[in-house]
Amino acid sequence: MTKAWPWLLLALLALVAVVNIYYGGQRQPRQLLLNCSSELYDHHDQQQSQYFLLLDLQASGHDALVNYRYFHTDGAPAGSVMMHGQITRGAAGVNYQIAISDKQEQLGDGQIPEHMQYLSYISDLNLNNHAVHPMTLEVLDADDKQQYAVVRVQPGNGVYGCRLQQ
Amino acid sequence: MAESGIDGCCQNLVLITEMIQKFMLNSLSQPQPPKYLLGEQINPAPRMVAVIMLLLLMLGVSVYFIKKFPVSDAILPLAQQTVTLQSGQSVQLLLFANSRVNNHLLQATADTVSAALMQCSKSPWQQVYLSISHEKQILNISLKGERNGHLALRNIKADDSDRQMGFINQQWLQGVHLCD
């Protein structure tokens with residue numbers, strides 16, 4: 001009975017060590033690259049205007065770059081919002097939290113898309129009041145082999161189907 | 001055959017009874033407790049420490065595993081429905097909302113989208129993700145499927161700052177070629 005003690009202890013320690021080695025690395029934020037292209041349709045006074053939105057998320061280690069670029073249908077830039085922040089992976093490894101600490105905005109030609117106006121407004125509000133704009137990237141569906149991820153971005157509750165490169 | 005069988009059984013019974021009697025006699029004549037019990041009575045402290053240590057270790061390991069493998073924080077759709085196209089192909093419609101309440105607009109929009117999908121003779125889309133951005137009333141439609149054996153993705157975001165999704169109807173969805 002007494003002789004079994006060290007072995008039991010050793011077995012438990014070995015189990016913890018093995019689990020740590022196998023799954024420890026998975027929690028670290030890896031290289032992550034998401035490219036999401038979207039069609040934007042704005043409605044004003046029975047009029048519809050169309051834009052394109054390219055959302056890119058680039059993360060390496062803890063640094064994240066979130067870039068929203070808006071284009072007119074002829075390819076001319078309609079504006080952009082580029083944000084920098086720190087990315088952390090959620091406990092279960094499904095979601096990502098991005099704490100945006102600064103952003104750069106550029107205006108394009110013509111009208112600003114509604115989507116950009118909202119993004120600019122909400123990030124201004126958070127950065128001015130709290131010095132940080134918290135974003136969440138929730139992975140709804142993803143496949144490394146097929147290289148896609150369907151994500152939901154908060155704030156805004158917007159869903160995006162994206163090309164995924166890891 | 002039958003007799004020898006009964007004999008065998010009775011012989012066994014006799015043997016067992018003798019063994020029990022011997023055991024009882026022995027234990028009556030030697031009423032001392034076994035040695036290890038005696039040892040415990042003399043000094044129970046080290047054993048108690050060991051038991052407490054084992055319990056603490058088990059607690060630690062449990063906490064470690066719970067931290068390591070938390071219950072999945074996967075986002076579940078508010079609702080999902082399956083639309084069957086004219087070709088018999090089925091398309092999954094997934095609705096995502098921030099809260100479980102006050103999603104009439106999302107539900108109504110989902111009905112419009114599913115009705116529009118039903119008009120498609122065929123479509124590359126297998127999954128359709130729907131959500132509404134609350135503050136600005138932007139409708140998000142993300143489509144995922146397969147075209148010529150390759151993955152196909154499409155995102156549509158429609159904004160209506162004047163009316164709540166008033167523009168969303170069959171005609172508009174056909175205008176943006178939802179089927180393709």
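The values are calculated or read from the model by the stated rules, or taken from the named source; none is laboratory data. This is a predicted model, so every value here is computed, not measured. All Cβ positions, glycine included, derive from the backbone under ideal geometry; neighbour counts span all protein chains shown. For the accessible areas, the whole protein counts, side chains as well, though only heavy atoms, and no ligand, DNA or RNA atoms are used. Shrake-Rupley method; radii C 1.70, N 1.55, O 1.52, S 1.80 Å.
For the reader, a short list of remarks on this structure follows.
- Residue list for region A:128-142, restricted to those being touching a residue at least 12 places away in the same chain (Cβ under 8 Å) and open to solvent by 30 Å² or more (accessible area, probe 1.4 Å): A:A131, A:V132, A:P134, A:T136, A:V139, A:L140, A:A142
- Identity of the residue in region B:69-119, in contact with a Lys or Arg (Cβ under 9 Å, 6 or more places away or on another chain) and modelled with pLDDT under 85, that ends up farthest from the other protein chains (Cβ to nearest Cβ): B:Q86
- Any pair with Cβ under 7 angstrom, 6 or more apart, that starts in region B:43-62 at a residue that is surrounded by 12 or more Cβ atoms within 10 Å (Cβ to Cβ) and ends at one that is among the β-branched types (V, I, T): B:V61/A:V16
- Under the condition of being under 20 Å from A:L140 (Cβ atoms), assigned to a loop (DSSP other than H, G, I, E, B) and open to solvent by less than 30 Å² (accessible area, probe 1.4 Å), the residues counted in region B:78-101 number 1.
- Residues in region A:52-76 that are within 14 Å of chain B (Cβ to nearest Cβ) and touching an Asp or Glu at 6+ places or on another chain (Cβ under 7 Å): A:F52 only.
- The criterion of being modelled with pLDDT of 85 or more and either on the phi > 0 side of the Ramachandran plot or in contact with a Ser or Thr (Cβ under 9 Å, 6 or more places away or on another chain) (or both) does not hold for B:V49.
- When A:Q165, A:Q154 are screened for being away from chain B (no Cβ under 11 Å), touching a residue at least 12 places away in the same chain (Cβ under 8 Å), surrounded by fewer than 19 Cβ atoms within 10 Å (Cβ to Cβ) and under 18 Å from the mean Cα position of the chain (by Cα), only A:Q165 passes.
- Residue selected from region A:52-94 under the condition at pLDDT below 90 and of a type in the set (V, I, T), by the criterion most open to solvent (accessible area, probe 1.4 Å): A:T88
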